[in-house]
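Worksheet: the structure to be examined is printed underneath.
The values are calculated or read from the model by the stated rules, or taken from the named source; none is laboratory data. Please read these numbers as outputs of a predicted model, since none were measured by experiment. Neighbour counts run over all protein chains shown; Cβ positions are idealised from the backbone, glycine included.
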Amino acid sequence: MDTPAHRLRFLRERNDIGSAAELARRLGIPEVTYRAHESGVRGFGEPQAKRYAEALNANWVWLLTGSGEAFSEPAPPSMPADAPKKRSDVEMGSARAAQPGPSELPVYASAEGGPSGMMVTYDPIDWIRRPNSLTNVGNAFAVYVVGESMEPRYEQGDMILVHPSRPVKRDDDVLLLSQQEDGSAAALIKRLVSWNEQSWIVKQYNPPKEITLPRQQWQKAYVVVGRNNRA
């Protein structure tokens, strides 16, 4: 159990929860998010470690780092399937997840996959200091870039800062989202050329081309207001 993912799976099985899907359902989070954490495809931070540890009767520091005692008391009986969710469980599983403080910005999970090559889930995997441009934007968030279609402007692993409430305009860089049945979203990062009632017209840089996307499928276009280059 040398990684957080291995320790997380161990805790789930120790609590007699038979599948990742079942635990995700009981916690009220997208299954794709939990599977990414347990498989090690996507890491998780302190907020998620505390949440998992509380639900699985473990020490969150041990879960995240492997240090200290794993448990403070014997494992409880398996959680009843109809057990009521705590308020924090419900909130953290939504796009309006409570923030630790007004100065912190949630970083949502992103991964390769889906119809666009990039998937986003509305479950914070980390928190960063909120930039001045997003000080009073309660629904703002950050997400890591997956893919190379906007290089050299945005590279794989860069973090983009997103302002969901700002109206889009021509020549904005935008994060386009297509909602999926599992609660996640297919995502694209593009430069907005124009739009009408039926379509978004966007362009990318690598390779250079212009693309028309149906708005019925790509329901949201959020303005990208900044980036943090990968280290």
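Here residue 3 meets the list (1) of a type in the set (Ser, Thr, Tyr); (2) modelled with pLDDT of 85 or more; (3) crowded, with 20+ Cβ neighbours inside 10 Å almost entirely, failing just condition (3).
Screening the range 66-164 for strands (runs of 3 or more DSSP E) wholly inside it with 2 or more residues that are at pLDDT below 90 and under 22 Å from residue 24 (Cβ atoms) returns the ranges 104-113, 117-129. Being within 15 Å of residue 71 (Cα to Cα), in contact (Cβ under 8 Å) with a residue 40 or more places away in the chain and either surrounded by fewer than 20 Cβ atoms within 10 Å (Cβ to Cβ) or in the same structural domain as residue 125 (by TED's automatic domain parsing) (or both) is the filter here, so list the residues in the range 13-54 that pass it. Those that are within 15 Å of residue 71 (Cα to Cα), in contact (Cβ under 8 Å) with a residue 40 or more places away in the chain and either surrounded by fewer than 20 Cβ atoms within 10 Å (Cβ to Cβ) or in the same structural domain as residue 125 (by TED's automatic domain parsing) (or both): 14, 15.
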